[in-house]
Amino acid sequence: MRELLADGRLADAWIPPEHVRQWRSRARLRHTLIGERTQWMGRIGATLFHDGVSGTPERLRMRAGRAFLDGLVLPEDARERIEIALAMVEAIDSPLAPLERELRQLARRQTGWRALMGLYGIGELTSLVTLCELGDVGRLSASRKAVRMAGIDIGVHRSGDSGRPRAVRRLSRSSAPSRAASASRSARQCSKARLGGLIARRQDRAHHVVGSIGRGGRICVTVGRR
């Protein structure tokens with residue numbers, strides 16, 4: 001490496017400006033908090049499954065879900081686990097709500113993020129996370145490099161109407177891949193509603209994970225080109 005540096009052949013490293021690092025850090029904090037909240041909610045579901053409870057609502061954090069949990073007759077240890085898990089969820093939601101509100105307000109003020117929201121499936125938080133993680137796309141010589149920067153690299157062998165997905169590689173531990181995939185799923189639902197069963201039938205032939213990450217990759221390509 002010393003010789004490469006001396007010969008001037010060592011590639012420059014891009015360091016984001018301080019304000020971008022601040023935005024990225026806050027977006028990653030939100031991602032971490034949501035992951036921890038999901039884990040605690042998963043523990044509640046596992047406890048209910050272990051005690052043979054059926055008919056569990058999909059969203060236990062909502063009012064109907066809380067009423068369902070309050071009406072259950074459970075062993076003392078199971079009730080204790082659920083109450084502790086709910087307390088931890090409330091403790092996470094307390095700082096998470098103002099953090100999300102500030103990030104959304106920030107995204108609505110930035111011109112680039114507002115332009116990205118014009119794409120199907122791209123909302124305030126998705127645009128913020130995508131651009132914060134990618135950084136200055138002007139340093140990338142091709143839009144496909146934006147896909148790799150986001151940690152999404154995909155290949156699909158296709159012949160006619162049949163497709164065989166190859167290995168899907170997710171190279172990044174940041175929240176950008178998950179946000180791009182969720183944006184692609186939202187875009188897929190919007191396309192179904194607008195174009196009816198035609199798009200739905202053709203998209204359902206492909207592997208779900210491959211399709212979602214593939215559309216997320218196209219979102220990153222669009223970011224790179226803009």
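With a simple spin-label model that places each label point 7 Å from the Cα along the Cα-to-Cβ direction, the separation between Glu90 and Gln39 comes to 2.2 nm. Counting pairs of alpha carbon atoms under 8 Å apart in space and at least six apart in sequence, what relative contact order in percent does the range 13-109 give? It comes to 38 percent, rounded to a whole number.
None of the figures in this text is laboratory data; all of them are computed from the coordinates on show. The model shown is predicted, which means the values in this text are computed figures rather than measured ones. Please note: Cβ atoms are built from the backbone with ideal geometry, for glycine as well, and neighbour counts cover all protein chains shown.
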